[in-house]
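The values are calculated or read from the model by the stated rules, or taken from the named source; none is laboratory data. Model, not experiment: these values are computed from the prediction. Please note: Cβ atoms are built from the backbone with ideal geometry, for glycine as well, and neighbour counts cover all protein chains shown. Heavy atoms of the whole protein, side chains included, go into the accessibility calculation; ligands, DNA and RNA do not. Shrake-Rupley method; radii C 1.70, N 1.55, O 1.52, S 1.80 Å.
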Amino acid sequence: MIIGLTGTPGTGKTSVSRLLQEHGYNMLYLTDLIKDECLYSEVDEGRDTLVADMDRVFSRVCELVGDDEGVNIIDSHMAHHIADVVIVLRTAPSDLRERLNLRDYSDAKIEENVEAECLDVILVESVEWCQKVYEIDTTGRMAEDVVSDVEEIISGVLSGNDAEVYQKYMPGSFDWSGGIL
């Protein structure tokens, strides 16, 4: 099973993923894979990003996961393009702006990502692409607490009885559209 852990850059994916890996989950850090194996079609210097070749990325992920019957989690803001089950991490725009400032992102890149979060871009894409989508607010929370939520979702999905979990983490719970400047 492939579960995508996705969200706008700065929402806590990598912090949560590292803890999940410590808990024994198989993690695939998609951004690293794309960089390390040159699975991109171009470098967008204006946006300071790589443009992933998603056909090649998908093929490579399938090779790496193979017939593994365990839980494999993909950490990436693009994970929803590959996984059937997706957990979208969300963060209030004011907190997201602070986190991205700490990463020394350019003002333009910060505003692009904050606007994407305000407009639910990754959540909407996830709902369009994936069979099951869950949403977790990471605003002001420790990564350990978010990991507990992720594990609750995974447990519900694996049990096949995730209706209650879905109600708790149903997509569309947050409206940060007012955060657009």
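If you scan segment 63-104, which residues turn out to be open to solvent by 60 Å² or more (accessible area, probe 1.4 Å) and either in a helix (DSSP H, G or I) or touching an Asp or Glu at 6+ places or on another chain (Cβ under 6 Å) (or both)?
Initially, segment 63-104 is screened for residues open to solvent by 60 Å² or more (accessible area, probe 1.4 Å), giving 63-64, 67-69, 77, 84, 94, 98-99, 101-104.
Within segment 63-104, Glu63, Leu64, Ser94, Glu98, Arg99, Asn101, Leu102 meet the criteria.
Please go through (1) open to solvent by less than 40 Å² (accessible area, probe 1.4 Å); (2) touching a residue at least 24 places away in the same chain (Cβ under 8 Å); (3) closer than 26 Å to Ala116 by Cβ for Ile34 and return the number of the only condition it doesn't satisfy.
Here Ile34 meets the rest and fails (2).
Tally up the residues in segment 84-109 that are under 16 Å from the mean Cα position of the chain (by Cα) and either of a type in the set (Gly, Ala, Ser) or more than 26 Å from Ser148 (Cβ to Cβ) (or both), please.
Summing the residues that are under 16 Å from the mean Cα position of the chain (by Cα) and either of a type in the set (Gly, Ala, Ser) or more than 26 Å from Ser148 (Cβ to Cβ) (or both) in segment 84-109 gives 1.
Looking at His81, His77, which is the one that is more than 10 Å from the chain's Cα centre (by Cα) and within 26 Å of Asp137 (Cβ to Cβ)?
Working: His77 fails: more than 10 Å from the chain's Cα centre (by Cα).
Only one candidate passes the filter, namely His81.
Just a yes or no: is a residue in segment 159-176 within 28 Å of Leu100 (Cβ to Cβ) and polar (S, T, N, Q)?
Yes, because at least one residue in segment 159-176 is within 28 Å of Leu100 (Cβ to Cβ) and polar (S, T, N, Q).
Does Asp68 fit the bill of being among the charged types (D, E, K, R), closer than 19 Å to Leu28 by Cβ, at pLDDT below 95 and within 16 Å of the chain's Cα centre (by Cα)? Show your work before the answer.
Details: among the charged types (D, E, K, R): yes; closer than 19 Å to Leu28 by Cβ: yes; at pLDDT below 95: yes; within 16 Å of the chain's Cα centre (by Cα): no.
Criteria not met by Asp68.
Got a sec? Which of Ser17, Ser76, Ser41, Ser94 is modelled with pLDDT of 95 or more and among the small types (Gly, Ala, Ser)?
Working: Ser76 fails: modelled with pLDDT of 95 or more; Ser41 fails: modelled with pLDDT of 95 or more; Ser94 fails: modelled with pLDDT of 95 or more.
Step by step, each of Ser17, Ser76, Ser41, Ser94 is checked, and only Ser17 is modelled with pLDDT of 95 or more and among the small types (Gly, Ala, Ser).
What is the one condition in (1) in contact with a helix residue (DSSP H, G or I) (Cβ under 6 Å, 6 or more places away or on another chain); (2) open to solvent by 60 Å² or more (accessible area, probe 1.4 Å) that Asp107 does not satisfy?
(1)
Under 6 Å between Cβ atoms, at least 6 apart or on separate chains: pull out the pairs that start in segment 128-157 with a residue that is under 13 Å from Val16 (Cβ atoms) and end on any residue that is crowded, with 21+ Cβ neighbours inside 10 Å and among the polar types (S, T, N, Q).
Qualifying pairs under 6 Å: Thr138/Thr11; Thr138/Thr91; Val146/Thr138.
From the list Ser41, Ser17, Ser59, exactly one residue is in a helix (DSSP H, G or I), open to solvent by 20 Å² or more (accessible area, probe 1.4 Å) and of a type outside the set (Val, Ile, Thr). Which is it?
Values: Ser41 fails: in a helix (DSSP H, G or I); Ser17 fails: open to solvent by 20 Å² or more (accessible area, probe 1.4 Å).
That would be Ser59, the only listed residue that is in a helix (DSSP H, G or I), open to solvent by 20 Å² or more (accessible area, probe 1.4 Å) and of a type outside the set (Val, Ile, Thr).
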